[in-house]
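Below is one structure, written out as structure tokens; comments come after it.
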Amino acid sequence: MDVLGNYKSVISARSTDKDITKKSQDGGIITTLFAYALEEGIIDGAIVAGPSEEPWKPEPVVVTTKAELLAAAGTRYTISPNLNLIKEATRSYGLDRVGIVGTPCQMQAVRKAQLYPIGMRDVDDKIALALGIFCMENLSYQALEAIVEDHCNQKMESVKKMDIGKGKFTVYTERGAVSQMPLKLIHKYVQPGCNVCLDYVANLADISSGSVGSPDGWSTVFVRSMKGNAVWEGAMAADLFETKAMDQVKPGLDLVTKLATEKITKNQKNVDARKTFGLKADGTAKGLRNPYETP
Amino acid sequence: MPGRTPESRPEATPAASQPQTKPAVKPSDVIVKEKVEVVQKEEKPVADKITIGELHLSGCTGCLVTLADNYEGLFKLLDDYADLVYALTLVDVRHVPEMDVCLVEGSCCLDDKLSVEELKEAREKSKVLVAYGACAAYGNITRFCRGGQWNQPGHEAFVPISEVVDVDLYIPSCPPCPQQVRNVAVMAYLLLKGNDEQKNLATAYLTPLMQLAQRGNEACGCDLMYDVINQGLCMGCGTCAGTCPVRAITMEYGKPNVNRDLCIKCGACYSQCPRSWFNFDVMNNYEGIMDAIKGAME
């Protein structure tokens with residue numbers, strides 16, 4: 001399979017809703033799509049990364065209104081265990097049509113939960129819209145804290161926005177300070193689980209989106225599944241996005257392909273290296289567990 | 001085979017006709033409708049169905065109820081794909097028959113001779129033996145039994161069925177999920193009756209569940225530590241916490257934390273985890289497969 005996965009169309013887009021783009025990380029794609037899907041009754045609610053008691057620590061929440069969605073807009077560079085609520089959303093929250101946003105690995109988890117619903121009773125046909133976000137790697141909360149407070153020397157609670165781009169991790173504070181550190185130095189903080197991930201642009205999402213490939217303030221959008229296509233076309237018909245063809249924008253799809261290839265090649269090497277990680281008494285290699293081969 | 005579906009049942013002897021004491025006279029206000037003879041014309045059954053049975057050992061019947069929790073889906077399965085040839089309360093067959101797929105519910109009590117005999121008989125008479133549900137696969141809650149319970153205090157030793165017989169396929173979790181057993185039933189049908197393409201799909205789909213059966217019969221929330229986090233594979237997606245049927249798992253700073261006092265050892269968390277196994281050949285085709293299953297159930 002191509003590193004970018006199956007998709008019906010790819011386009012550069014930005015939300016036309018100023019309330020959303022004021023708060024969104026880039027083009028406001030995810031927030032706008034969920035707001036549209038809620039409005040149209042395509043979903044009854046969405047599982048998103050909401051705020052928690054600690055600054056910049058996301059917590060999965062089920063939102064059912066645009067206001068709640070807006071409170072959750074923007075990227076936090078530590079994982080929000082959104083799958084935690086996937087069964088709960090259909091139970092305690094009583095949703096028949098669930099929206100969920102997540103990283104590529106979380107989209108994989110969604111599809112596994114649908115195809116092999118071992119402990120996911122009555123969930124498989126209730127996933128109405130699964131939106132994926134591009135992801136190179138992720139950090140634990142404590143790692144994010146070390147980066148912001150130790151390397152960038154800013155307090156977590158005073159940070160207004162965090163961003164990754166152009167080889168740098170950038171922190172913007174409420175009072176206007178900007179601190180940066182080279183992305184290279186972040187590597188030691190990356191979750192080990194991310195080093196075996198073979199998906200960059202959420203190949204299994206209905207629609208996936210991320211900043212890479214598009215100009216500042218815009219996002220690259222892959223429309224992948226039949227469901228995703230129906231939602232995207234509806235949102236376009238409702239004038240919720242302004243768009244540009246991918247071959248009309250800089251840096252364009254080539255950069256997405258380049259980064260995807262880099263990530264997958266590097267991580268495939270990691271997966272392969274695990275096979276010969278250790279040593280048996282007879283001198284042959286002893287491997288670590290490989291989730292892509294056997295449980 | 002002793003007692004296998006008796007060919008002839010003792011017919012009930014017709015009651016001796018009582019002499020009428022008085023002639024039946026129809027009251028004049030009774031409207032007589034012409035009795036319509038309903039001929040129950042049996043439709044030709046689908047020729048190539050597979051046969052499925054459920055053997056009930058030391059379980060709570062939750063797995064069997066789960067099968068029925070497919071509601072109209074169960075009827076569709078039974079109409080088009082599978083004959084249910086053996087199951088407690090659902091089928092009037094007293095002895096383990098020959099079958100293509102045997103779903104075994106419950107762990108096996110070593111102190112109960114009948115359980116052991118029936119389990120071995122089911123193994124002998126089925127093509128595919130499935131540990132259906134956590135008790136059969138991993139022992140589940142019966143792992144905590146130490147005997148002394150009413151009304152069989154002598155029943156003390158309970159083991160996952162793979163301690164007694166070879167098992168081909170696992171469907172973990174307590175209770176298992178109706179959609180999972182439905183998917184396995186459809187795939188088993190495709191495997192045994194389908195064309196080459198369908199056989200390949202079914203093989204690819206069923207492989208990880210068969211590998212689970214090879215992996216062993218001990219499950220616990222600890223698997224998340226041993227085989228995912230300790231192996232450097234966890235990325236904190238939250239699936240395990242979302243799937244745990246007893247809410248023993250919470251996500252603390254992006255990683256699962258298992259309350260081991262609550263864990264019932266059902267194996268759901270680990271088998272649902274996208275990093276326990278992830279087969280791209282099947283998952284990349286999720287849309288087609290889900291449509292196919294949906295289509296098959298319509």
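Measuring only protein heavy atoms, the 1.4 Å probe finds A:L279 accessible over about 130 Å².
Inter-chain Cβ neighbour count for B:249-261, averaged per residue, equals 3 (cutoff 10 Å, partner chain atoms only).
In this model, which of A:K188/A:K280; A:K286/B:K294; A:K168/A:K269; A:K126/A:K266; A:K126/B:K125; A:K8/A:K184 are farther than 31 Å apart at the alpha-carbon? Don't jump to the answer; show the numbers that get you there.
Working: A:K188/A:K280 29 Å; A:K286/B:K294 42 Å; A:K168/A:K269 25 Å; A:K126/A:K266 35 Å; A:K126/B:K125 38 Å; A:K8/A:K184 34 Å.
Table pairs above 31 Å Cα-Cα are A:K286/B:K294; A:K126/A:K266; A:K126/B:K125; A:K8/A:K184.
Calculate, for the protein assembly as shown, the solvent-accessible area per residue in square angstrom, rolling a 1.4 angstrom probe over the heavy atoms of the protein chains. Spell out each step's value before the answer.
Numbers: 28800 Å² over 593 residues.
About 49 Å² of surface per residue is accessible.
The interface between chain B and chain A buries about 4700 Å² of solvent-accessible area in total (1.4 Å probe, ligands and nucleic acids excluded). Summing charges over neighbours of A:S219, with a neighbour being any other residue whose Cβ is under 9 Å away from its Cβ, gives 0 when K and R count +1 and D and E count -1. Scanning residues 5 or more positions from A:A202 or on other chains, those with amide H under 5 Å from its amide H are A:C135, with H placed 1.01 Å from N in the peptide plane.
How would the range A:139-189 be classified by its alpha-carbon gyration tensor: rounded, prolate or oblate, with rounded meaning a/c under 1.5 and the a/b versus b/c comparison settling the rest? Oblate is the answer for the range A:139-189, as a/c is 1.5 or above yet b/c matches or exceeds a/b.
With a sphere of radius 15 Å drawn around the Cβ of B:L212, what net charge do the other residues whose Cβ falls strictly inside it have (Lys, Arg +1; Asp, Glu -1)?
Here the charged neighbours net out to -1.
With the helix formula -39500 (n - 2.57) applied to DSSP H stretches of n ≥ 4, the protein assembly as shown reaches a computed 222 nm mean residue ellipticity of -8500 deg cm²/dmol.
Among the chymotrypsin sites (Phe, Trp or Tyr not before Pro) within the range A:224-295, those in coil by DSSP and having at most 16 neighbouring Cβ atoms inside 10 Å are A:F277, A:Y292. Each residue of the range A:137-148 was assigned a 3J(HN,Hα) from its phi angle through the Karplus curve 6.51 cos²θ - 1.76 cosθ + 1.60 (θ = phi - 60°); the sequence is 5, 9, 10, 6, 4, 5, 5, 4, 4, 4, 5, 6 Hz, with glycine and proline shown as x. Couplings 3J(HN,Hα) for the range A:214-227, derived from phi with the Karplus relation 6.51 cos²θ - 1.76 cosθ + 1.60 (θ = phi - 60°), are 10, x, 3, x, 10, 10, 8, 10, 9, 9, 10, 9, 4, 4 Hz, where x marks Gly and Pro. For the range A:116-154, accessible area lost to neighbouring protein chains reaches 30 Å² or more, against the chain alone with a 1.4 Å probe, at A:Y116, A:P117, A:I118, A:G119, A:M120, A:R121, A:D122, A:D124, A:Q142.
Exactly which trypsin sites (Lys or Arg not before Pro) in the range B:55-159 are in a DSSP loop and have at most 13 other Cβ atoms within 10 Å? Working shown, then result.
Numbers: sites: B:K76, B:R94, B:K113, B:K120, B:R123, B:K125, B:K127, B:R143, B:R146; in loops: B:R94, B:R146.
Qualifying residues, ordered by number: B:R94, B:R146.
With a Förster radius of 56 Å applied to the beta-carbon distance between A:V190 and B:D92, the computed FRET efficiency rounds to 0.40.
Of A:V10, B:V167, the residue with the largest accessible area leads and the full order is A:V10, B:V167 (1.4 Å probe).
For peptide B:266-272, compute the average count of partner chain beta-carbon atoms within 10 Å of each residue's beta-carbon. Mind dumping the intermediate values first?
Working: counts 2, 2, 3, 2, 3, 5, 9.
For this peptide, the per-residue mean of nearby foreign Cβ atoms is 4.
Annotation: amide H of A:I79 within the under-5 Å range of A:L139, sequence separation 5 or more or interchain, hydrogens built in the peptide plane.
Hey, how many Å between the Cα centroid of the range A:198-270 and the Cα centroid of the range A:104-121? Result: 22 Å between the Cα centres. Peptide B:171-180 has a mean shielding of 5, counted as Cβ atoms of other protein chains within 10 Å of each residue's Cβ.
Summing +1 for each Lys or Arg and -1 for each Asp or Glu, what net charge is found among the other residues whose Cβ lies under 10 Å from the Cβ of B:V130?
Details: positive: none; negative: B:E54, B:E105, B:D168.
Result for the local shell: -3.
Please give every one of the lysines within straight-line cross-link reach of A:K18, meaning a C-alpha to C-alpha distance under 17 Å, and leave out same-chain neighbours fewer than 8 residues apart. Those lysines meeting the cut-off are A:K66.
Shape class of chain A from the alpha-carbon gyration tensor: rounded, with the ratio a/c of largest to smallest axis under 1.5. For the range B:176-193, backbone phi angles converted through the Karplus equation (6.51, -1.76, 1.60; θ = phi - 60°) give residue-by-residue couplings of x, 9, x, 5, 6, 5, 4, 4, 5, 5, 5, 5, 5, 4, 4, 5, 8, 10 Hz, Gly and Pro being listed as x. First measure r as the distance between the Cβ atoms of B:E197 and B:D29, then evaluate 1/(1 + (r/R0)^6) with R0 = 60 Å and state the FRET efficiency to the nearest 0.05. The pair B:E197/B:D29 has a calculated efficiency of 0.35.
Summarising the amide proton neighbourhood of B:V85: residues at separation of 5 or more, or on other chains, whose placed amide H is nearer than 5 Å comprise B:I52, B:G53.
The values are calculated or read from the model by the stated rules, or taken from the named source; none is laboratory data. A quick note: this is a predicted structure, and the numbers were derived from the prediction, not measured. Virtual Cβ from ideal backbone geometry, glycine too; neighbours counted across all protein chains shown. Note: areas computed on protein heavy atoms with side chains; ligands, DNA, RNA excluded. Shrake-Rupley method; radii C 1.70, N 1.55, O 1.52, S 1.80 Å.
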